[in-house]
Amino acid sequence: MPETIKVAAIQAEPVWNDLQGGVDKSISLIQEAAKNGANVIGFPEVFIPGYPWSIWANSPTDNAPYMNEYFKNSLERESEEMDQIRAAVREAGVFCVLGYSERYKGTLYIAQSYIDQTGTIVHHRRKIKPTHVERAIYGDGQGESLENVVSSKFGKIAGLNCWEHTQTLLRYYEYSQDVDIHVSSWPSIFPRHVPEWPYHITPECCKAFSHVVSMEGACFVILSSQILTEENKEKANVKGYTYTKGSGGGFSMIFSPFGEELVKPLEPHEEGILYADINLEEKYKAKQNLDIVGHYSRPDQLSLRVNRHAAKPVFFANDL
């Protein structure tokens, strides 16, 4: 393992409802990050084909034509489009956690594929519980999606999507897997423009959810987020939606295992890539003070039960 690893947090606008456009832009960002020396790259949540804020802005009936297009432009894990991304990762020689809307048969999932430097998908997971109205269009990740840490030549790398960071027990299980680098994938999140909007869905609070992972897990955190520009609000089907009144929505950051911000943030409307050179030894310095699944735990008093088996819709007699 290299003594110093360069990590990269993507802050960029999706190519809305355009599968091939999203693939091309993802490849371009991977190539740019690799050219600048990145070893580990984190993408925002459902970067392909973009986060559908329209499900919050419109009724299901009014939004149905848009979501039909969204479904068709979502990415299948086993597909020519994914093969293009895997080839780009292999050519770049990086480790990438790609966030995308996964189309599988008749259902969409908020997915993350972990692609190593050989272009192999070494792990694949789905958001275990879509948030609020997301449940109208996305399915649940099953037991296999609890496993979210994989070993790589750049350390043990994990990922969670958006409000999965609020799942206390899920976070705790990740820490028990000895994570080094955590990829925190988010959509665009906007300031509260109306008093009725829940404050915990603001950039400040959502950033804090990722921030706490760095301290609890004593790990580096790559927070990657989308942006939404004014000219693309019609494409995203949110024109006139109060929550997205201002353009932007980006709040990307890279945190140390002590919770320090390691980079200067981009502006909320600014597209770019944040980089930080990290040394994984810092993790062990942080754990001297705080190892919540080790010396700072009491498993005799508090412990976690985990079911890693997928719940299948159809069982056969020889499965039982």
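If you check residue 158 against the conditions, is it modelled with pLDDT of 95 or more, aliphatic (A, V, I, L, M), open to solvent by 30 Å² or more (accessible area, probe 1.4 Å) and on the phi < 0 side of the Ramachandran plot?
Numbers: modelled with pLDDT of 95 or more: yes; aliphatic (A, V, I, L, M): yes; open to solvent by 30 Å² or more (accessible area, probe 1.4 Å): no; on the phi < 0 side of the Ramachandran plot: yes.
Against the criterion (modelled with pLDDT of 95 or more, aliphatic (A, V, I, L, M), open to solvent by 30 Å² or more (accessible area, probe 1.4 Å) and on the phi < 0 side of the Ramachandran plot), residue 158 does not qualify.
Check 23, 15 and return the single one that is open to solvent by 30 Å² or more (accessible area, probe 1.4 Å), touching a residue at least 24 places away in the same chain (Cβ under 8 Å) and β-branched (Val, Ile, Thr).
Sole residue among the options that is open to solvent by 30 Å² or more (accessible area, probe 1.4 Å), touching a residue at least 24 places away in the same chain (Cβ under 8 Å) and β-branched (Val, Ile, Thr): 15.
Of the numbered conditions (1) surrounded by fewer than 18 Cβ atoms within 10 Å (Cβ to Cβ); (2) acidic (Asp, Glu); (3) more than 23 Å from residue 122 (Cβ to Cβ); (4) touching a residue at least 12 places away in the same chain (Cβ under 8 Å), residue 134 satisfies every one except a single condition; which is it?
(1)
Is it the case, given these coordinates, that residue 104 is in contact with a Gly (Cβ under 6 Å, 6 or more places away or on another chain) and either open to solvent by 10 Å² or more (accessible area, probe 1.4 Å) or hydrophobic (A, V, I, L, M, F, W, C) (or both)?
Working: in contact with a Gly (Cβ under 6 Å, 6 or more places away or on another chain): no; either open to solvent by 10 Å² or more (accessible area, probe 1.4 Å) or hydrophobic (A, V, I, L, M, F, W, C) (or both): yes.
Considered against the rule, which asks whether it is in contact with a Gly (Cβ under 6 Å, 6 or more places away or on another chain) and either open to solvent by 10 Å² or more (accessible area, probe 1.4 Å) or hydrophobic (A, V, I, L, M, F, W, C) (or both), residue 104 comes out as no.
If a residue has to be more than 17 Å from the chain's Cα centre (by Cα), of a type in the set (A, V, I, L, M, F, W, C) and over 14 Å from residue 157 (Cβ atoms) to count, how many in region 1-14 make the cut?
Of the residues in region 1-14, 0 are more than 17 Å from the chain's Cα centre (by Cα), of a type in the set (A, V, I, L, M, F, W, C) and over 14 Å from residue 157 (Cβ atoms).
Of the residues 86, 77, which is under 25 Å from residue 129 (Cβ atoms), among the basic types (Lys, Arg) and either part of a helix (DSSP H, G or I) or free of Cβ contacts under 8 Å to residues at least 60 places away in the same chain (or both)?
After applying the criteria, what remains is 77.
Looking at region 236-250, which of its residues are part of a loop (DSSP other than H, G, I, E, B), open to solvent by 30 Å² or more (accessible area, probe 1.4 Å) and on the phi < 0 side of the Ramachandran plot? Full working, then the answer.
Initially, region 236-250 is screened for residues part of a loop (DSSP other than H, G, I, E, B), giving 236-241, 245-247, 249-250.
Now narrow it down to the ones that are open to solvent by 30 Å² or more (accessible area, probe 1.4 Å): 237, 239-241, 245, 247.
Selection gives 239, 241, 245, 247.
The values are calculated or read from the model by the stated rules, or taken from the named source; none is laboratory data. These numbers were taken from a predicted model, which means no experiment stands behind them. Every residue, glycine as well, gets a Cβ built from its backbone with ideal geometry; the counts of neighbours run over all protein chains shown. We work out accessible area using only protein heavy atoms, side chains counted, and drop any ligands, DNA or RNA first. Shrake-Rupley method; radii C 1.70, N 1.55, O 1.52, S 1.80 Å.
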